[in-house]
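A.B. asks: For reference, the structure I am asking about is given below.
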Number of protein chains: 2
Amino acid sequence: MDDETAPQKGTVTQRAIERIKAMIGEGRLEPGQRLPTERDLAAQLGMSRSSMREAIRALTVLGVLEARHGSGIYVTQLEAGDLLETFGVVADLSRGPRLVELLEIRRILESTATALAAARITADQLAEVERHLAAMNATDDPEEILAHDLAFHREIAVAAGNETMAAILEGLSSRTFRARVWRGYQEEGAFARTRREHAAIHRALAARDPEAARTAAAAHVGEVEEWLRTQLGP
Amino acid sequence: MDDETAPQKGTVTQRAIERIKAMIGEGRLEPGQRLPTERDLAAQLGMSRSSMREAIRALTVLGVLEARHGSGIYVTQLEAGDLLETFGVVADLSRGPRLVELLEIRRILESTATALAAARITADQLAEVERHLAAMNATDDPEEILAHDLAFHREIAVAAGNETMAAILEGLSSRTFRARVWRGYQEEGAFARTRREHAAIHRALAARDPEAARTAAAAHVGEVEEWLRTQLGP
DNA sequence: TGGCGCATAGTGGTCCGACCACATCGCGGA
DNA sequence: TCCGCGATGTGGTCGGACCACTATGCGCCA
């Protein structure tokens, strides 16, 4: 009573992916809910366990499902972070001109997010931002700097109140992406400039000045963007 | 001579995914290139064909690989459109407050893209925009209107010169997403307003006025955003 | 001689059955 | 009462078989 309308479109696995996505879209599967076993699911949709496993794997990498060995398959919370994890793949596999495009997008979103954060950030969140700022200036270990740099911007994005935007920015700042771009940038002695820019962003946040925050954030990303552009240009 | 560093981390399939991604990242696999057969790949990485197939399926849905039945497996062109196709999944599975967040992101990106387009659009591209605008106003079929609406904005995004941004906006305007949101919006007699807003956007493009274009686009998306916000609010 | 069509080999797609690794729960003993 | 260990069920892996489709090239026909 469930598969009679077999449209035969595409591969069996592809159909299974669509079916499961549809079940979630229609609300028949709630976030966090456990699915039937692979064997049962395969039987219900009239296909082999192998094909069903491929479908499940596909939805797993998309951040829609989560498979726990020995326990079962569960729908994720379907939050922005879950679904946009794959965004990092784009950043990782991009190069050349597309890296500049990604930085351009980050500049647009980051400047807006920082402006919003200036208007909405709480005292606690601001304290957290300051903590990462201080930690960043207190060490010379590039790895640690990078980690706090990431956390610094993530805290701001969260304070902007748009989790989806924060997740996208997170993807645009994936470790491998930043490592690839930042390495060359920082080697040119840009540490001092980066610290100055971070300080300017923090100042604007503390002053609750959205326009200053927007400008500072745009300049911060724009610096790297311009540097990368010249690297690729001639 | 190729798998001795087996770190045993995670599942076999997961390792295969990382390996293939790494091969592409390191340039050992070029866009458009054909991969070895599933059987060979599995043998090279010392795993079963089943596990390798899951890895390939995963990379296929991510838009990194493309499998052609009877022919072979190929690396995609790795262009923004290929990799960001999965962005539509986010839009499809989101609901409630996250829909507003997505529209907010679209407003930010779309307004910037429209402003850039105003400065860069060519005569041919502008003519194409006008064609879709006219077609949109010449019919009452909601499906056709939606199609030309999509094409209208896509043409503008392309004219902005950032393919990655165009691909993201494409995902944020996926058919099912717009159908879900637009339906209710248009039922409230918003057709006239939408036409007015589209006309304003076109006017700003024709006048090569980036600021007017930014404002018009932001207002256009913002209208829907506000409507959706009130729908969810009380 | 030239082109067409079919046989064939090779590829991804699907299915099956078996076994392994891990998580969970319940029963029995201390 | 509580702890521990084994039974059970789950996802993870494997190997092989067969199907569906493509591409290639050979041989036949015009």
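A.B. asks: What are the semi-axes of the equivalent ellipsoid for region B:12-78, taken as the square roots of 5 times the Cα gyration tensor eigenvalues, largest first, in whole Å?
C.D. replies: 16, 13, 11
A.B. asks: Moving to a separate point now. So, how do all the Cα-to-Cα distances of region B:84-232 break down into 5 Å bins, in percent, from 0 on up?
C.D. replies: Here the calculated profile for region B:84-232 is 2, 10, 20, 24, 22, 15, 6, 1, 0.
A.B. asks: Given a 1.4 Å probe and heavy atoms of the protein chains only, how would you sort B:Glu226, B:Glu187, largest accessible area at the top?
C.D. replies: B:Glu187, B:Glu226
A.B. asks: When only the heavy atoms of the protein chains count and the probe is 1.4 Å, how do B:His69, B:His148 rank by accessible area, highest first?
C.D. replies: Per-residue accessible area, sorted high to low, gives B:His69, B:His148.
A.B. asks: How large is the dipole of region A:83-232 about the Cα centre if only Lys and Arg carry +1 and Asp and Glu carry -1, each at its Cβ, rounded to the nearest 20 debye?
C.D. replies: Dipole of region A:83-232, to the nearest 20 debye: 280 debye.
A.B. asks: Share of chain B's accessible area from carbon and sulfur, percent, 1.4 Å?
C.D. replies: Answer for chain B is 51 percent, counting heavy atoms of protein chains only.
A.B. asks: If you don't mind, there's one more thing I want to ask. Of A:Ala200, A:Ala147, A:Ala138, which is the most mobile in a GNM of chain A whose springs link Cα atoms less than 10 angstrom apart?
C.D. replies: Greatest mean-square fluctuation among the candidates belongs to A:Ala138.
A.B. asks: Here is a follow-up. List the distances, in nm to one decimal, from the label point of B:Gln125 to the label points of the same position in every other copy, shortest first, placing each label point 7 Å from Cα along the Cα-to-Cβ direction.
C.D. replies: The projected label point of B:Gln125 is separated from its counterparts by 3.5 nm.
A.B. asks: Which one, B:Val129, B:Val75, B:Val12, has the greatest fluctuation when you compute a Gaussian network model over chain B with C-alpha springs under 10 angstrom?
C.D. replies: Judging by the Gaussian network model, the answer is B:Val12.
A.B. asks: To continue, here is another question. Taking the Cα centre of region B:42-91 as origin, work out the dipole magnitude from +1 charges on Lys and Arg Cβ and -1 charges on Asp and Glu Cβ, in debye rounded to 20.
C.D. replies: 280 debye
A.B. asks: Related question: Once every DSSP H run of n ≥ 4 in chain A is given -39500 (n - 2.57) and the sum is divided by its residues, what mean residue ellipticity at 222 nm do you get, rounded to the nearest 500 deg cm²/dmol?
C.D. replies: Calculated from helices alone, the mean residue ellipticity at 222 nm is -22500 deg cm²/dmol.
A.B. asks: At 7 Å along the Cα-to-beta-carbon direction for both A:Ser48 and B:Asn137, put a label point, then send me their distance in nm to one decimal.
C.D. replies: Distance between the two pseudo-spin positions: 5.8 nm.
A.B. asks: Using the Karplus curve 6.51 cos²θ - 1.76 cosθ + 1.60 with θ = phi - 60°, what ³J(HN,Hα) values do you get for each residue of region B:197-203, in whole Hz, with x for Gly and Pro?
C.D. replies: Calculated HN-Hα couplings, in order: 5, 4, 4, 5, 4, 4, 4 Hz.
A.B. asks: Ballpark to the nearest 100 Å², how much total accessible area do A and B bury together, probe 1.4 Å?
C.D. replies: Counting protein atoms only, the buried area is about 3700 Å².
A.B. asks: Taking θ = phi - 60°, what integer Hz values does the Karplus form 6.51 cos²θ - 1.76 cosθ + 1.60 yield along region B:154-164, in sequence order, with x for Gly and Pro?
C.D. replies: Values, residue by residue: 5, 4, 5, 4, 5, 5, 5, x, 10, 4, 4 Hz.
A.B. asks: Using the charge dipole of region A:38-159 (Lys, Arg: +1 at Cβ; Asp, Glu: -1 at Cβ; taken about the Cα centre), state which of A:Ser48, A:Ala134, A:His69 has its Cα farthest towards the positive end.
C.D. replies: A:Ser48
A.B. asks: Which whole-Hz ³J(HN,Hα) couplings does region A:80-93 yield from phi under the Karplus relation 6.51 cos²θ - 1.76 cosθ + 1.60, θ = phi - 60°, glycine and proline marked x?
C.D. replies: Result, ordered by residue: 3, x, 4, 7, 9, 4, 5, 4, x, 4, 4, 5, 5, 9 Hz.
A.B. asks: What whole-number value in cubic angstrom gives the convex hull volume per residue for the C-alpha atoms of region B:1-140?
C.D. replies: Given the Cα convex hull of region B:1-140, per-residue volume reads 215 Å³.
A.B. asks: Same structure again: Starting from the amide H of A:Asp209, placed 1.01 Å from N in the peptide plane, find each other amide H under 5 Å away whose residue is 5 or more places distant or on another chain.
C.D. replies: For A:Asp209, no residues qualify.
A.B. asks: Pop the C-beta distance of A:Ala206 and B:Gln77 into the FRET formula with R0 = 35 Å and round what comes out to the nearest 0.05.
C.D. replies: 0.15
A.B. asks: Return the ratio Rg/(2.2 N^0.38 Å) for the protein assembly as shown, where Rg is computed over Cα atoms only.
C.D. replies: Working it through for the protein assembly as shown, the quotient is 1.03.
A.B. asks: Going by Cα centres, region A:52-99 and region B:8-61 are how many Å apart?
C.D. replies: If you average the Cα positions of each part, the centres end up 16 Å apart.
A.B. asks: Could you give the size of the charge dipole of the protein assembly as shown about its Cα centre, using +1 on the Cβ of each K and R and -1 on the Cβ of each D and E, expressed in debye and rounded to the nearest 20?
C.D. replies: Using Cβ point charges on Lys, Arg, Asp and Glu, the protein assembly as shown gives about 460 debye.
A.B. asks: Excluding same-chain residues fewer than 8 positions from B:Lys9, which lysines have a Cα within less than 20 Å of its Cα?
C.D. replies: Partners found: B:Lys21.
A.B. asks: Label points 7 Å out from Cα along the Cβ direction at A:Asp124 and A:Gln186: separation in nm?
C.D. replies: Going by the 7 Å Cα→Cβ label model, 3.0 nm.
A.B. asks: A follow-up question, please. If you take the charge dipole of chain B about its Cα centre, with +1 on Lys and Arg Cβ and -1 on Asp and Glu Cβ, which of B:Gly184, B:Asn162, B:Leu35 is farthest toward its positive end?
C.D. replies: B:Leu35
The values are calculated or read from the model by the stated rules, or taken from the named source; none is laboratory data. Computed from a predicted model, the values in this text were never measured in an experiment. We place every Cβ from the backbone using ideal geometry, glycine too, and count neighbours over all the protein chains shown. The area values use the complete protein model at the heavy-atom level, side chains included, leaving out ligands, DNA and RNA. Shrake-Rupley method; radii C 1.70, N 1.55, O 1.52, S 1.80 Å.
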